[in-house]
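A short reminder: the numbers here are calculations on the coordinates, not readings from a lab. From a predicted model like this one, the values you see are computed outputs, not experimental measurements. So basically every Cβ, Gly included, is an ideal-geometry build from the backbone, and we count neighbours across all protein chains shown.
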């Protein structure tokens, strides 16, 4: 899965939770929660979205790695390789 | 039917004479105390004093039995006392207390005592006359040996109810003694300024009623005339009108500045103060010695004083009972 | 049950009372030899004699006052005031003595007096003989005010009133005397504390009393043809008013029209409307409507009198105004 | 010493002017003597004295106008007549004038200033029964167009709106709806502040044990079934309410009506502004997993605008959590007709001493806004303490 495909998947999960999110204006290196109005319920739904999109199990302990867009892509890419 | 000869003086026995004097004095002192209590704001609203007319009230009342019915007017303190209502329940009524003879609902103008058939004071001038007609009608229809004494003032003769009631009473031969206390003034209007015919007793003839007039300042004369009128009525001969010519020494009420008559006129009439007149007559007849008076005064004073204490100490009616005696309420 | 007219029903009740209770007697202008201005007491003088059926002089204040006095004295008088128009002459005795003596005497005296009074207009009697003033009497604490609109009530209310300890005023609308209806002369008890639902309905409550019940029932029938199910309430008693029956009805229908022959301003309909606002506010889907007489001294001419009095068409129009889809 | 008062000379007299004295200090007077002339509105009146004795002191000068009951002179009574001293009326005070006869009508009570219409909302033209049904169904009347006379909203209008509302969300443009919602929330909040006497309590709750338990629990759960800590807070509040029923219910028509079931309303912010607080039915009887699922479902439907009207109308209490927005403690406004609101702030690390040892504990600030007509601080405090205790045994929730 290419990085772009992973990026699109992440955005799909993100817009599920925050429809008003505009992918082009999300800064990849800043915390997503500082750029969008995301509460713990949204975060959970985002993680569930990623789980369905990429068929990976994401333990709570790994949540910090998903704080930024780049972090998500990095984490998911690693998870794909493991499989 | 010629007017009864009222000049014949009965042989007066001493006990009855002292009783009459004492009754008049009770009324006089009660009224003086009522005036004082009014000025101290213990009594409010209207207060009409009977000072000067005591002979009429006391004299006439002697002619009525306990079974007879009495209807009075708003100037009724003297009639209530003469009828036997205790001074304390009258004072309590004027203080607006629950122990008053009308539970504080009526005040000075509306004393009632069903047990003594004292059917109260009426504030609407002439309002009592039709009631008296009805009471007499009921007694007659139930064949009760009783007549009705109906007091009213000279002002009432101008009201339609006076003429309607006298006619109805004469028409149906109702057992009523109509007692007109002519004190020469309808509040601020002298008799000759409110009546074309000032001889009130003559008004009865237009309805076929026998009538007469008597000196309202002479307690014995009033008693004799009223007894004769009452005997006539008890004989089933229909109603009788007795006019008692008297005078009030005080204003119409506590709110009346009394400007419509001169001081001289009042002073003249005071020379015929009914209590002074009767005292002098009894001394003349040797029925009264100067030492008799003091104990009567102190006895009367004590009764009036006790009335004040009773009225002051009495409770007011609780607000919860506001609607207690009002008829026509939905069934609880 | 026997079929009779309204006047015969009232007469039957008075006759029964005169027979059953020696304290009862009838007093009023022309009640004896003339048989009553509306022929209600026809034949009673012959049966009971002049002592108990007493013609009076035209002295309303005196004979109403005498009625009060006689009641105080232990009798049970039925005083007939020929019409409400003349009752003004006796209003002082009624207001200041009849209604007041029990309370003012601290409960010592009560006045078991029954006063029957013909009322209302509609017979071209003009201004001085066509008044509807029942609302004035219903304003006075101390008395009861009954308005028999049907023949059965014409009979029952007289007998019920005679059992009351306090004064009762029965207003008989003059147009009702020839009305035909059923009376159960064996009945022993008669209700004088509840209004009656004369016709059930869900869309609007038509509330009235006395002489206007007939017109209200006609209006309800015609409204039914248009699909509006109107509930008709006959108040029967103006004091004490049975507000609960009114509130229950408005809670169901959410709309009320009050029909009252009195002049609109300060009429009894205003009191009913106020009580609906106070007790059924949250159930109202439209303001309370009123159909009353025009505020003019009753004109003599027929067309003018009809334009003054509440009519069936007005009741229908007022109702259509309230019911959605019709206004 | 007897007092000579300005007498009551008529039913409607409240004061009188002394014209002249007919006696001076030291003169002897008899009961009934005229000793002064007084001018009233009606006329000049001669005033008699009711006691016998000698005038001790004159207190009022001619020309002075004084209220009825004022002491104008003192009389030393000599040998009282047999009837004894007239005891002066008990309430007589020495100098100050007696109250006037006709009590002045109390000054008109300052007309309570009617609160400005909430946030300038135009007054709705709606019939009482329609307004009541809209309130019962939790439908905002502002969102209904009236078909009655003068476009008054009628009963039928509300009934029609209720049917269409539950069928599909009324296609109201997003912005317009948010503005209307802001208006409705504004009106409710203003009314709440105006009518409900709030009291506020706060406490800090140690969450360490609960969060540790949660982390363990979530390890065992798949992603979809994971719990958020909010669920623990909701369940603790719901269970605590069983012991404090007075906080769980409404205050309507002047009296508190506690509700048997516990439906905790959860404040959910909507994307693009606005807030709703739909109910989690029987919060206390749902297990944590079940509660999590209904909570997630509620949030999604709230944000999609497909909430059922009963969910809007049913909450018996509301919980609001602004922790994620960085707020430490929130003192919220109660949603009428409810009688309490619980607020939770963010979880922070804070030094806590226990048994002499200071350790870093993760704590949260819990607050209670209570309706003082229904409950008081004492009961509110005990309630918060119960919530804290429950959160110390997360496995029992």
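Highest mobility in the GNM of chain C, judged by mean-square fluctuation with C-alpha springs under 10 Å and restricted to C:46, C:256, C:98, is found for C:46.
Measuring nothing but how far apart in sequence close Cα pairs (under 8 Å, 6+ apart) lie, relative to its length, chain B scores a relative contact order of 23 percent. Measuring nothing but alpha carbons in the stretch C:204-327 and taking Rh as the Kirkwood radius, the Rg to Rh ratio lands at 0.96.
For the pair the stretch D:350-375 / the stretch C:7-68, the C-alpha centres are spaced 88 Å from each other. Between residue A:31 and residue B:12, the modelled label-to-label distance comes to 11.8 nm, taking each label 7 Å out from Cα in the direction of the beta carbon. With a Förster radius of 51 Å applied to the C-beta separation of residue D:242 and residue C:274, the computed FRET efficiency comes to 0.65. To test your reading of the geometry: what angle, between 0 and 90 degrees and rounded to tens, separates the Cα axis of helix A:69-82 from the longest principal axis of chain A? For A:69-82 against chain A, the angle is about 20 degrees. Taking a point 7 Å from the Cα of residue C:127 along the Cα-to-Cβ direction, the residues of the stretch C:297-315 with backbone N closer than 11 Å to it are C:297-300.
Percent of alpha carbon pairs in the stretch B:256-332 separated by more than 22 Å?
Details: 1875 of 2926 pairs.
Value for the stretch B:256-332: 64 percent of Cα pairs lie more than 22 Å apart.
Relative to the longest principal axis of the Cα atoms of chain A, helix A:40-54 runs at roughly 40 degrees.
How many percent of DSSP beta bridges within the protein assembly as shown run antiparallel, rounded to 5? Walk me through the intermediate numbers first.
Numbers: 67 of 131 bridges.
So the antiparallel bridges amount to about 50 percent of the total.
Look at B:291, D:14 and count the other Cβ atoms within 10 Å of each Cβ; fewest to most, that gives B:291, D:14. I'd like the FRET efficiency for residue C:186 and residue C:46, computed as 1/(1 + (r/R0)^6) with the beta carbon distance as r and R0 of 35 Å, rounded to 0.05. It comes to 0.85. Against the main long axis of the alpha-carbon atoms of chain C, helix C:268-280 sits at an angle near 60°. Reported to the nearest whole Å, the Cα centre-to-centre distance from the stretch C:202-253 to the stretch D:1-63 is 67. Legend: ranking of residues B:206, C:249, B:201 from fewest to most surrounding C-beta atoms inside 10 Å; resulting order B:206, B:201, C:249. Applying 0.36 nm per residue to the separation of residue D:179 and residue D:135 and subtracting their alpha-carbon distance, the gain on full extension is 13.9 nm.
With the cut-off at under 13 Å, measuring from each backbone N in the stretch D:1-23 to a point 7 Å along the Cα-to-Cβ line of residue D:64 picks out D:4-6, D:16-21.
So what's the gap between the Cα centers of the stretch A:20-83 and the stretch B:210-236, to the nearest angstrom? Computed from Cα coordinates, the inter-centre distance equals 120 Å. If the elastic network links every pair of Cα atoms under 10 Å, which of B:203, B:42, B:271 fluctuates the most in the Gaussian network model of chain B? Maximum fluctuation in the GNM of chain B, among the listed residues, is at B:271.
Short-range pairs are left out: with C-alpha atoms under 8 Å and at least six residues apart, the relative contact order of the stretch C:2-183 is 27 percent.
At a temperature of 20 °C and a viscosity of 1.002 mPa s, determine how fast the protein assembly as shown diffuses translationally according to Stokes-Einstein, using the Kirkwood radius over alpha-carbon pairs as Rh; express D in µm²/s, rounded to the nearest whole number. Intermediate values should be presented prior to the final figure.
Working: Rh = 37.6 Å.
For the chosen part, D equals 57 µm²/s.
Among B:52, B:301, B:121, the largest mean-square fluctuation in a Gaussian network model of chain B, built with springs joining Cα atoms closer than 10 Å, belongs to B:301. Computed from the C-beta positions of residue D:300 and residue D:348 and an R0 of 25 Å, the FRET efficiency is 0.30 to the nearest 0.05.
For the stretch D:197-396, rounded, prolate or oblate, judged on the Cα gyration tensor with a ≥ b ≥ c (square roots of eigenvalues), a/c < 1.5 rounded, else prolate if a/b > b/c? Provide the component values of the computation, followed by the final result.
On the way: a/c = 1.66, a/b = 1.16, b/c = 1.44.
Oblate, because a/c is 1.5 or more while a/b does not exceed b/c.
Arrange D:124, B:259 by Cβ neighbour counts within 10 Å, fewest through most, would you?
B:259, D:124
Suppose a student asked you for the relative contact order of the stretch B:196-332, using Cα pairs under 8 Å spaced at least 6 residues apart; what percent would you report? Mind showing how you got there, number by number?
Working: 80 pairs, mean separation 24.5, N = 137.
Averaging sequence separation for qualifying contacts and normalising by length gives 18 percent for the stretch B:196-332.
Calculate how many DSSP beta bridges within chain C are antiparallel, expressed in % of all such bridges and rounded to the nearest 5. Just about 20 percent of them are antiparallel.
Stretching residue D:145 away from residue D:216 to a fully extended chain increases their span by 20.2 nm, per 0.36 nm per residue minus the current alpha-carbon distance.
Computed over chain B, the per-residue total of -39500 (n - 2.57) for DSSP H runs of n ≥ 4 gives a 222 nm mean residue ellipticity of -13000 deg cm²/dmol, rounded to 500.
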